[in-house]
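Everything below concerns the one structure shown next.
The values are calculated or read from the model by the stated rules, or taken from the named source; none is laboratory data. Being a predicted model, the structure only gives us computed values, none of them experimental. Backbone-built Cβ (ideal geometry, glycine too); neighbour counts: all protein chains shown.
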Amino acid sequence: MNAKALTDTQIVIRSLQARPLSTWVTVAMVATGVGLLLVLLGMRSAARDAFERGSGNTHLLVSADPSPLVAVLNGIFYANAPANPISWAKYQQIRGSFPWLWAIPTQQGDSYRGYPTMATSAEFLTKFEPIAGEPWQLAEGQLFERPFEIVLGAAAAKGSGLRLGQEIFLTHGSGASREGGDDHAGHVHLEFPFTVVGILEPTGSAHDRALFIDLESSWILHAFDRREREGLHGAIGPADLTDADRLITGILLRLPTRPGSDASAAMQQQFDTLRRDTSIVVAQPADQIRRLFAIVSNVDGLFIAMAAVVLVSSAVGVMLALYNSMAARTRQVAVLRVLGASQGRIFGMVVTESLMIGFLGAAAGIVVAMVGGIAAAAWLRSSLGLVIDPGLDVRETIIVLGGTVALSALAGVLPAWRAYHVPVAESLRPTA
Amino acid sequence: MAEPALDIRDLRFAHPGGRFRLEVPAYRLEAGEQALLAGGSGRGKSTLLSLIAGLREPESGSIDVAGVRMTALAGAARDRARGRAVGMIFQTFNLLHGFTAAENVMAGLMFGSMPAAEHPARAAALLASVGIAEIDAPVDRLSVGQQQRVAVARALAARPALVLADEPTASLDPDNAASAMDLIQRACREAGAALLCTSHDPSMRSRFARVDDVGAFARQDER
């Protein structure tokens, strides 16, 4: 014999087990609301952290994009290849206009299997820090030293499966192009193989998705294309480059700062000076990211409100399921009353039942949120290169869990009230 | 001298449906006594039992069960008193479905004063005394006769002074009705509980030394 006395909790659990479909559907509804809310809350802060972290130690970004925000999205987060070039002469002019700590030229436009290529100077990998205070680290190999050497970001290396020493061909364009065959993507620069010489450690920034080559290699690729179009065939070297070939799409700038400080007193002045040049746009990446989040925070709030509505409607679902089940359970309630259960105790049992549904749903929702967070993080990492922490904020999770359980208990009040008022004598009459 | 199991005085009750009125000037059942409350259907037998159990409120009068004035209690106190002093057996048993035989009997203990640790042993002993061996079987899998035995065991679980049996054999054939009544009367006798049984079946009269007709207490409402 099961040597345990019957308890109120066992009665509640049996009630839930007696109607499995209703129980699990309501648990699933609560889990959906909780999961959605936690994922949105988690993604909101994680995405903001990831974006803010991703601008690295750049003070200013110069580009020929239509707006500073687009410049940041393209130049730092690889949203698209910048469409408008900046001449090498302009770069030199800007570089010489102020004693920058560094001024790193960048050029985007090519790709490999959908991973964007960043053509740049060696300083990009030695002076620019993708995460402020955290310089690049090599996982394998070395940085590029000669033309047609390529260094892979961690996500690009992992996603492409490339290893040191392998030769690859870049594709013109930044879409999800593939080597050969795809007429809709850009053509493949089959004449110029690049050798993988290094793989970088993950940084948690969008740069992890990129491949890095030196500027001259990129210029040669495109000069070759130009010459082909002009009917000039054959080998090409640095000496064949013209000013029209030496184009870049962005400049990362950092001003001198005091030791231990990231701010520069000259920042605003230089920013204003560069803004006067109408041929370029200049952006303070951190500022643009804040603006971006100010724009999306309304949508963000809407999503969270929708998740909260889902949660409240799931509580209403719990209430309806329990309330309707009371019609079929009046006899059970009446029997318990005859056996000595007080109205208050019956009320407590029904509220406990509702509370259990809420707790089960919230617990399942937390699991859903954890799995969803991992999935969303994986998607953000592969599609945007954003590395976010999929873990849930403990404080937020506890608040959502407590709130859900409280909401469910509240949802149980009306069914409990119905059970409280079950007419005992009438409910015990034999049915036909 | 032991307290009477049931002592009713000047009880008045009007049925909410206006079908009849109950007026019981005095009714007493001694400890361990067994009585039949006879009368046709709809005459007020079940209503009187529900008044005794404290499931309905009388207009006036008093009902004492084992010395406890049920009519002076209200709410949870009356529920507790009912759980301790009154056992009930129903025509359709009213077992808790989805629960085992033992759990149904323990349900009759969980609102009383017996320590929870003693419930399993008490339930097992009671079920053995009524001939149920499959104490961990869900009641839904038991035969009708076995279900009735579980219902009897549950009614006696809290060692009540009074067992109220409301038409306990109405849905049984004569042979099963006889054996069911044998069981109920024997179990109550062994437990020392008084038994007040209602029935509209005239053949039941011979089983009881005391038979009262509900017609003596009920009259059709003129409204």
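Some observations on this one:
- Annotation for region B:98-109: no member residue is assigned to a helix (DSSP H, G or I), farther than 24 Å from B:A151 by Cβ and not acidic (D, E).
- Residues being among the hydrophobic types (A, V, I, L, M, F, W, C) and touching a residue at least 24 places away in the same chain (Cβ under 8 Å) - total across region A:295-305: 2
- Condition check for B:L195: outside any loop (DSSP other than H, G, I, E, B), within 11 Å of chain A (Cβ to nearest Cβ) and in contact with a helix residue (DSSP H, G or I) (Cβ under 6 Å, 6 or more places away or on another chain): no
- Selection from region A:254-276 of residues that are in a loop (DSSP other than H, G, I, E, B) and touching a residue at least 12 places away in the same chain (Cβ under 8 Å): A:L255, A:P256, A:T257, A:D262, A:S264, A:A266
- Members of region B:149-173 that are assigned to a helix (DSSP H, G or I) and within 11 Å of chain A (Cβ to nearest Cβ): B:A151, B:R154, B:A155
- Remark: pairs (first residue in region A:194-219, within 16 Å of A:D110 (Cα to Cα) and in contact (Cβ under 8 Å) with a residue 60 or more places away in the chain; second residue crowded, with 24+ Cβ neighbours inside 10 Å and of a type in the set (D, E, K, R); Cβ separation under 9 Å; 6+ apart in sequence or on different chains) = A:L211/A:D110; A:I213/A:D110; A:S218/A:D110.
- Every condition in (1) aliphatic (A, V, I, L, M); (2) at the interface with chain A (Cβ under 7 Å from one of its Cβ atoms); (3) under 16 Å from the mean Cα position of the chain (by Cα) holds for B:M106 except the one numbered (3).
- Restricting region A:100-112 to residues that are outside any loop (DSSP other than H, G, I, E, B) and among the aliphatic types (A, V, I, L, M), the residue that is farthest from A:Q269 (Cα to Cα): A:I104
- Tally, over region B:110-148, of residues that are part of a helix (DSSP H, G or I), out of contact with any helix residue (DSSP H, G or I) (no Cβ under 6 Å at 6 or more places or on another chain) and within 10 Å of chain A (Cβ to nearest Cβ): 7
- Restricting region A:306-333 to residues that are among the aliphatic types (A, V, I, L, M) and either outside any helix (DSSP H, G or I) or within 28 Å of the chain's Cα centre (by Cα) (or both), the residue that is farthest from the other protein chains (Cβ to nearest Cβ): A:M306
- Among residues of region A:386-400 that are modelled with pLDDT under 90, those with a beta-carbon under 8 Å from a residue that is exposed (fewer than 13 other Cβ atoms within 10 Å of the Cβ) at least six positions away or on a different chain give the pairs A:P390/A:I374.
- Matching residues in region B:198-223 - criterion: being closer than 15 Å to B:E30 by Cβ and either assigned to a loop (DSSP other than H, G, I, E, B) or touching a Pro at 6+ places or on another chain (Cβ under 6 Å) (or both): B:F208, B:A209
- A search for C-beta distances below 7 Å between a residue of region A:37-50 that is over 14 Å from A:V299 (Cβ atoms) and any residue that is modelled with pLDDT under 75 and charged (D, E, K, R), counting only pairs 6+ apart in sequence or on different chains, returns A:A46/A:D389.
- Spans of strands (runs of 3 or more DSSP E) in region B:23-93 with at least 2 residues over 17 Å from B:L196 (Cα atoms) and more than 13 Å from every other protein chain (Cβ to nearest Cβ): B:60-65
- Residue in region B:160-175 that is more than 17 Å from A:L339 (Cα to Cα), of a type in the set (S, T, N, Q) and at pLDDT 90 or above present: no
- Leading residue by the ranking (farthest from B:P16 (Cα to Cα)) among those in region B:58-86 that are without any contact (Cβ under 8 Å) to a residue 40 or more places away in the chain and among the β-branched types (V, I, T): B:V68
- Selection within region B:161-193 - buried (at least 23 other Cβ atoms within 10 Å of the Cβ) and within 12 Å of B:G32 (Cβ to Cβ): B:A161, B:L162, B:V163, B:C188, B:A193
- Restricting attention to region A:78-99, the residues that are assigned to a loop (DSSP other than H, G, I, E, B), of a type in the set (F, W, Y) and within 34 Å of the chain's Cα centre (by Cα) total 1.
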